[in-house]
Amino acid sequence: MAGSLKYGQATASLVVGKWSAASRQNTLAAALKERGMLRRTLHAAKYLSDPAYRRKIARQLRDIPDELLAHISPAHSATSSA
């Protein structure tokens, strides 16, 4: 499995999805899920507590081309086409 991930034959999201869908919970899948929740929590905490980090993200979001935003944000495509 690690080889499939390393050589691009499977994506990490596919592997985690397969583990999550298994009838019995795999301990590795549960650990990866917990790690993901922890990373999201740490990111949110940093975003909320660090104004410089928020500015950095805002700058990065301003640099995304409109064509790409239309694919990832339906609200953006609705406002930009009006």
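Overview of results
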item	result
Ser81 vs. criteria at pLDDT below 70 and surrounded by 12 or more Cβ atoms within 10 Å (Cβ to Cβ)	no
Unmet criterion (only one of (1) of a type outside the set (Asp, Glu); (2) at pLDDT 90 or above; (3) more than 17 Å from the chain's Cα centre (by Cα)) for Gln25	(2)
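Okay, residues lined up against (1) closer than 27 Å to Val15 by Cα; (2) surrounded by 10 or more Cβ atoms within 10 Å (Cβ to Cβ); (3) without any contact (Cβ under 8 Å) to a residue 40 or more places away in the chain; (4) in contact with a strand residue (DSSP E or B) (Cβ under 6 Å, 6 or more places away or on another chain):
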residue: Arg39; (1), (2), (3), (4): yes, yes, yes, no
residue: Ala45; (1), (2), (3), (4): no, yes, yes, no
residue: Ser49; (1), (2), (3), (4): no, no, yes, no
residue: Tyr53; (1), (2), (3), (4): no, yes, yes, no
residue: Arg62; (1), (2), (3), (4): no, no, yes, no
residue: Glu67; (1), (2), (3), (4): no, no, yes, no
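The values are calculated or read from the model by the stated rules, or taken from the named source; none is laboratory data. Owing to the predicted nature of the structure, the values given are computational and were not obtained by experimental measurement. Quick reminder, even Gly has a Cβ in these numbers, built from the backbone with ideal geometry, and neighbours come from all protein chains shown.
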